[in-house]
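A.B. asks: Have a look at this one before I ask anything.
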There are 2 protein chains.
Amino acid sequence: MYRSNTCGELRIENLNQRVTLAGWVQKVRNLGAMTFIDIRDRYGITQLVVEENSSEEIKSIATHLGREFVIQVTGDVIERASKNSKMETGDIEVLITELKVLNSSITPPFTIEENSDGGDEIRMKYRYLDLRRAPLKKAMILRHKMAQSIRTYLDKEGFLEIETPYLIKSTPEGARDFVVPSRMNLGEFYALPQSPQTFKQLLMVSGYDRYFQIVRCFRDEDLRADRQPEFTQIDCEMSFVDRDDVISTFEGMAKFLFKETLDVTLESTFPRITWDDAMARYGSDKPDIRFGMELNDITTEAKSADFVVFNSADHIGAIVAEGCASYTRKQIDELTAFVKRPQIGATGLVWVKFEEDGNIKSSIDKFFTSDQLKAWGDKCGAKGGDLMLITSGTRKKVLTALCELRLELGSRLGLRDKSVFAPLWVVDFPLLEWDEDSQRFFAMHHPFTSPKQDQLELFSTDPGAVKADAYDFVVNGVEVGGGSIRIHDSELQNKMFKVLGFTDEEARKQFGFLMDAFQYGAPPHGGIAFGFDRFCSLFGGSDSIRDYIAFPKNNSGRDVMIDSPSTIADAQLNELCLELTKNDDKE
Amino acid sequence: MYRSNTCGELRIENLNQRVTLAGWVQKVRNLGAMTFIDIRDRYGITQLVVEENSSEEIKSIATHLGREFVIQVTGDVIERASKNSKMETGDIEVLITELKVLNSSITPPFTIEENSDGGDEIRMKYRYLDLRRAPLKKAMILRHKMAQSIRTYLDKEGFLEIETPYLIKSTPEGARDFVVPSRMNLGEFYALPQSPQTFKQLLMVSGYDRYFQIVRCFRDEDLRADRQPEFTQIDCEMSFVDRDDVISTFEGMAKFLFKETLDVTLESTFPRITWDDAMARYGSDKPDIRFGMELNDITTEAKSADFVVFNSADHIGAIVAEGCASYTRKQIDELTAFVKRPQIGATGLVWVKFEEDGNIKSSIDKFFTSDQLKAWGDKCGAKGGDLMLITSGTRKKVLTALCELRLELGSRLGLRDKSVFAPLWVVDFPLLEWDEDSQRFFAMHHPFTSPKQDQLELFSTDPGAVKADAYDFVVNGVEVGGGSIRIHDSELQNKMFKVLGFTDEEARKQFGFLMDAFQYGAPPHGGIAFGFDRFCSLFGGSDSIRDYIAFPKNNSGRDVMIDSPSTIADAQLNELCLELTKNDDKE
C-alpha cells in the first residue's frame, strides 16, 4: 500500500501520528517561508505543509509540483494554527517529512473544482478528468449505494438476480434494435436487448418466481436530450401475484432506498391514481404532485356566451395559480408565449384575475359577466388574489398545454423543491393506442401486457376501450418505473398479437419461443422495470442522467473520449461478409 | 398473492393450518380411493391429497391434471401416515379443500426430474423447461448467492461498482471483437467490450481507487468446448497498491465466498508459486495442487546410457504414481495411448515399476541397470510399490504430456475430490510471448501489464526475458482469475506498444485516449478479473459453465431456444448502409 490513510480521514484524534498519504495535488500555495499543498483523493482533501526548516529536497520537490501531480507523502499530523471548519480534515495538517512524485501531470484543460470552467464538450472529451470533480464523484458513489441497497432489499425479499443474454434476437416491434453481425452464422445477426422482457417472462415459466437484474438495455433511437443509446434498468418479475402484490413489493423497495441512501422517510402508502384521473387532473400520466394547481374542465360553463374561440372548441380547461392575481401583463405574456411554443402548440391563453378586493378582471371582459367568471372561479376553487388561466382546443391539446403551464408555474412559484419527494402510482392505463398513420393499434406498454381481468370480454369486442393491468411509478413528475401483469395464457397472447396486426407467421417468427413456452404451464405473473439512471438523477436532485453515468455518449451517440463509433478494418468487414453501401444520399 | 406459503416450507409445526399453495404438478398418483399430487415450486415439493370424501369437483379436476399443470390449491396441513424423511416437507401433506387449474400444460418433451431423459439439444431448445430441474435451479441460486456475497465483501472493502459502457471501440489486438454498426454514424461501428480493461484504468486515473463490476464481456472466438461468446467477469481495479495488496484483498474475497456460500473455511494464506516453478513442477501455469505427483527432470541422469530415444531428447521428465507398481500392461497401455493422442502428442511412455519387494521392472531394462533406475527413483522420491512414468522430447512437449498424465492419474486415483478446494496464486509470469509465425512479441496477459519493477532496465535490453508483475488465481487446476500491476507511465506504455510492434499511429488510433489520460496524473494501479461463470461452476462442483448460465449459447454461438442469430429485414440493413456479400466460398 502506498498509504496508511486516505486524504479524507485524518482528524484531531490523529495528532502526532506519522502517516503516509497518496493522491493528487489540488492546489499549492507558496507563502515564502511555508508552502501549503492540498492533496486530494476519492475520500477528501488534506492540507500538507512544508516549513522553512524542511529538507532542501522536500522544498525543491514542492516548488516543482503542479496541479494534478500524483504524490506520495509521509509526515506527522499536527494541529492547524487556523482551522478550516468547512473541511472535514480542517483541524489538522500534515507536516511533510518525505515527499515523492509518483507521476506528473501536464496542465489539465479545465479546472478540477466543484464548478469547472470547462465547457460540456471538452469535459466529455476528458471525461476521466471531469470524473475527478466532486459533483461527479458524489454521483458515482450515490449510484453505487443505490445499486447496493436495491440488491440488499430484493435479496432479502427472496428475489434472485439472474443474468439474461445480451446477444439476442431482433424484433421489429418497439424501438429500433442495435444489431450485431454473426461471423459464425454468416448473414445472420444478433440484436442487443431493449429490455430482458421475454427472458424474464421465460424465467417465470421456469418457476423462478422472484427475479431481478440490474441490466444494460439498448435502443437505437434518434437521441432526444437526455436519452442514451445504452441505459440501465432495474428489471423485476414475480409469479403468482396480482397488481397490488407487485406495487406493494416495490413500494417497499422505494421506501427502503429513500431511507438508506437519502435518509428520507416516506409516509406509509403512496397515492394511486388512475390514468384517466391523472390525465383529467394533471394533463399528464406522470404528474408532479408536489403541488396542487389541478386542471379543471369548464367546457360547459365557458360555452355560455358568444365567444367564438370557446364555442368552437372541444374542450376548455383552466388552472388556478394561487396568489398570482398581481401578475403583470408582461408575466402573463411570458406564460402565453410559453404555451404557444411549437412544442406545446396552444393557440393562446385567457386570464382571469380574482383580486383581493373581490374585483374580477379578465382578458375576456367583453364576452362574460363578472358573475359568469366568478362561477368558473368557484368551480375551480379560486380565491381572492388568485389568477385563473384558461385555454381551449381539442382535449388533448388543452391537457398538454395546461400540464406544461402548471409545471412552469410550479417552478416559478418555488413549488418543486428537489429535496421534497412525492411518489405515486398511476394505474389502469389504456391497453392500446390507435395510430392514425398506420391505421392500427399499438401496445401502450408492450404486447405482453394483460388486459384488466374484468375486461377480457370487452377485449374481444372493443379492444380500444380496454384498460391494461399496468402501472407506472412516478416521482416528482418523472416516470421512474413501469410495469404490468402479463398475459400468461397462450390463446390470449395470440389474440393480442392479432389485434396488433401481426400475421400468425410474424408472431411465430418473432415470439414463437414465448408462445411455445406458454403451452407448458406458464404461471400468472407480472413485473416492473425502473430506469436506473433516471432513478439516480432523481435521488441526486439533478435533471441530467448523464451526470450519473460514468462514460455517457453525446446526442449523436458518440463517445467523444474514446472516439467511438469508428471505422473498422476491411478485413473485419470481409470476415462478416458485409459491405458498406454508399450513403451519400442519406447524409 | 396466489399463495399463503411456498411448496418448500410447511413442516409439522404447521399442522392444522389452512394454507394456499401454487405451483406445478410434479406427479399425480391415483390410488383409487385417494389421489396424491406432488406440487412443486422454486422452494420445494409438497404432497397434496384428495380423499374419498373430497368434493366431486375436486376429484374431477384432480383426475384431469397432467404433469406441469399450474395449480392453486387450498387445504389443511395434516400429518402424513407414512412420512418421507428424504423430503423436507415429508412429515406433512395438505388435504385439498379447493383446487384450481391456473394453466394447463401439454406434455413436456423430457422429464422434469433430477436427471432428465432429454438429450442436450432438446434441453437447450426448451431451456425454460430444463431450468425447472433441481440441478439447474441450484446452480442459479448458487450464482445469485455468489454475486451477492462478492458485492457484500467488496462494498465493505470500499470498492465502488461503476458501470462501464458496452458500446465501445474495436481494437484489433487480442481476440476478435463483436461489432455493432451505427445508424447515426453511418459506416462506423461500435465494438462490444472483451473486458472493461481500459475503462477501469481510466477510472483509476479519475481517482476511484477501488472499482469493481460484475460485467458481461464478449469475444467472437471460434468456440471451443465450454466457451461462450458472452461471459461474465468480476472486474476489479485498485490504485496505490502493489501486487501483494491486490493478492491479499482478493484472497480475502475468495475466503469470504468459500465461507458464505459453501461453508468452507480455508487456511489463512494461499500458496504462491512462480510461473517458472509451476511449469517445472506441474507442467502447467494452472496446477491442480490437491495432490502431489510433481514432475521431475531426469534429463542428466537418463542420458547416461546408450538409449537413443533419451539421448536425442532435449528434456526427459518423470512422474511417480504412488502405489501403482501393480498396474497391468493394459493400464499402462491406456496411459500411453492417452499421452499419444494428437492433443497431447507425446511419442511414448517409458515405465519403471518399483515393486514392494525391491525389485525394479521397466520397459527399458535393456538399456539401464537396476541401480541406474533406482537412482532415478530416488531422485523422484519413488518408494516400493510406486510406478514411475517417463517421457522425453522438447521441454514444452514433455511438460505438457506429464501435466496431462498427472491429471489423468490424479483422476483415476481419486485424488481430485470436487469437495476439496486447493487455491493458489501463480506469480511472475513472462511479460511477452514470441510468436514464430508473425515474428513478433505478444503480451502474455495484455499490453497494459507492467514489467516487474526491478526489471525495467532489462525491458529495454532484452524484453523477452522480462517477467511481468502479473498473477493468476488458480483453484483445482482451473484458472479462476488473473491480473497484474499495470503500467501507469505513459512513456513506458509507449515503449510497450513499440515492443509489441504497434506503429505510433496504430497505438494512437487505438489507445490514444488512454495514453492521453496517463499524461494527467495516473496513479500506480493494478487489478484482477475473475471468470464468474467458471467460479460458479467450480463452486458447484461442475465442469460445465453452461449449467451456471441461464440462457447459454451452443458451440456455434447460437441460442437454439430463441433461434438467434437470425436474418434481419432488408430495410434494417439499408438503414445501416450495409449489404450482405456472397459468402458461398466461405461456407
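A.B. asks: Where the centroid of each part is defined by its Cα atoms, how far is the stretch A:313-364 from the stretch A:449-519 in Å?
C.D. replies: Each part reduced to its Cα centre gives a spacing of 41 Å.
A.B. asks: Next question, about the same structure. So what is the relative contact order of chain B, in percent, for Cα pairs below 8 Å that sit 6 or more residues apart?
C.D. replies: Reported as a whole number, the value is 12 percent.
A.B. asks: Measuring from a point 7 Å out along Cα→Cβ, what nm distances, shortest first, does B:Glu88 have to its partners in the other copies?
C.D. replies: Distances between equivalent label points, in nm: 4.2.
A.B. asks: Further question on the same structure: From the phi of every residue in the stretch B:404-421, what ³J(HN,Hα) in whole Hz does the Karplus formula 6.51 cos²θ - 1.76 cosθ + 1.60 yield, where θ is phi - 60° and glycine or proline is x?
C.D. replies: So the Karplus estimates, Gly and Pro as x, are 5, 5, 4, 5, 4, 5, x, 5, 4, 8, x, 9, 10, 5, 5, 8, 9, 10 Hz.
A.B. asks: Let me ask something else. At a 1.4 Å probe radius, carbon and sulfur cover how many percent of the accessible area of the stretch B:498-554?
C.D. replies: With neighbouring chains kept in place, the figure for the stretch B:498-554 is 46 percent.
A.B. asks: Using only atoms on other chains, find how many Cβ atoms lie within 10 Å of each Cβ of peptide B:205-217 and report the average.
C.D. replies: Mean shielding count: 5.
A.B. asks: Can you list the residues of the stretch B:527-550 whose accessible area drops by at least 20 Å² going from the chain on its own to the full set of protein chains, with a 1.4 Å probe?
C.D. replies: B:Ala550
A.B. asks: Could you compute how much accessible surface B:Ser206 exposes when probed at 1.4 Å, giving the result in Å² to the nearest 10?
C.D. replies: Probe radius 1.4 Å; accessible area of B:Ser206 about 10 Å².
A.B. asks: Relative contact order for the stretch A:501-587 using alpha-carbon pairs under 8 Å, separation at least 6, rounded to a whole percent?
C.D. replies: For the stretch A:501-587, the relative contact order is 10 percent.
A.B. asks: Still on this structure: If DNA, RNA and ligands are ignored and the probe is 1.4 Å, what is the ranking of B:Asp222, B:Asp454, B:Asp209 by accessible area, most exposed first?
C.D. replies: Listed by decreasing accessible area, they come as B:Asp454, B:Asp222, B:Asp209.
A.B. asks: Shifting gears a bit: Please list, ordered by chain and number, the residues whose modelled amide H lies under 5 Å from the amide H of A:Thr97; skip anything fewer than 5 residues away on the same chain.
C.D. replies: Here A:Thr74, A:Gly75, A:Asp76 satisfy the definition.
A.B. asks: Could you do me a favour and compute the accessible area per residue for chain B, 1.4 Å probe, result in Å²?
C.D. replies: With all protein chains present, chain B gives 41 Å² per residue.
A.B. asks: Still on this model: List the distances, in nm and shortest first, from the label point of B:Lys396 to the matching label points in every other copy, placing each point 7 Å from Cα along the Cα-to-Cβ direction.
C.D. replies: 7.0
A.B. asks: Karplus couplings for the stretch B:453-469 from phi (6.51 cos²θ - 1.76 cosθ + 1.60, θ = phi - 60°), rounded to Hz, Gly and Pro as x?
C.D. replies: 3, 7, 10, 5, 6, 4, 4, 6, 9, 9, x, x, 8, 7, 9, 9, 7
A.B. asks: When DSSP assigns beta bridges and you keep just the ones with both residues in chain B, what percent turn out antiparallel, to the nearest 5?
C.D. replies: Here the share of antiparallel DSSP bridges comes out near 95 percent.
A.B. asks: Now, a different point. Where does chain B land at 222 nm, in deg cm²/dmol rounded to the nearest 500, when only DSSP H runs of n ≥ 4 count, each adding -39500 (n - 2.57), divided by all residues?
C.D. replies: -8500 deg cm²/dmol
A.B. asks: Ignoring ligands, DNA and RNA, what percent of the accessible area of the stretch B:99-228 is carbon or sulfur (1.4 Å)?
C.D. replies: 45 percent
A.B. asks: Please list, ordered by chain and number, the residues whose modelled amide H lies under 5 Å from the amide H of A:Arg440; skip anything fewer than 5 residues away on the same chain.
C.D. replies: So A:Arg440 has HN proximity to A:Asp435.
A.B. asks: Near the amide H of A:Glu161, under 5 Å away, which other amide H atoms are found, from residues 5 or more places off or on another chain, if H is placed in the peptide plane?
C.D. replies: A:Phe212
A.B. asks: Keeping all protein chains in the complex and leaving out DNA, RNA and ligands, what accessible area do you get for B:Asp130 with a 1.4 Å probe, in Å² to the nearest 10?
C.D. replies: Roll a 1.4 Å probe over it and B:Asp130 shows about 0 Å².
A.B. asks: Round to a whole number: what % of the accessible area of the stretch A:291-412 belongs to carbon and sulfur, probe 1.4 Å?
C.D. replies: Carbon-and-sulfur percentage of accessible area, whole number: 50.
A.B. asks: Moving to a separate point now. List, by residue number, every residue in the stretch A:139-157 with a reduction of 50 Å² or greater in accessible area between the chain on its own and the complete protein assembly, 1.4 Å probe.
C.D. replies: Residues losing area: A:His144, A:Gln148, A:Arg151.
A.B. asks: Taking θ = phi - 60°, what integer Hz values does the Karplus form 6.51 cos²θ - 1.76 cosθ + 1.60 yield along the stretch A:445-452, in sequence order, with x for Gly and Pro?
C.D. replies: Calculated HN-Hα couplings, in order: 9, 7, x, 9, 6, 7, x, 4 Hz.
A.B. asks: Partner chain Cβ atoms within 10 Å, averaged over the residues of B:124-133 - can you pull that number for me?
C.D. replies: Averaged over the peptide's residues, the number is 5.
A.B. asks: What quantity of accessible surface, computed with a 1.4 Å probe and excluding non-protein components, is buried in total between chains B and A, in Å² to the nearest 100?
C.D. replies: Buried area (both sides, nearest 100 Å²): 11800 Å².
The values are calculated or read from the model by the stated rules, or taken from the named source; none is laboratory data. What you are looking at is a predicted structure, and each value in this text was computed from that prediction instead of being measured. All Cβ positions, glycine included, derive from the backbone under ideal geometry; neighbour counts span all protein chains shown. These area figures cover heavy atoms from the full protein model, side chains too; ligands, DNA and RNA do not enter into them. Shrake-Rupley method; radii C 1.70, N 1.55, O 1.52, S 1.80 Å.
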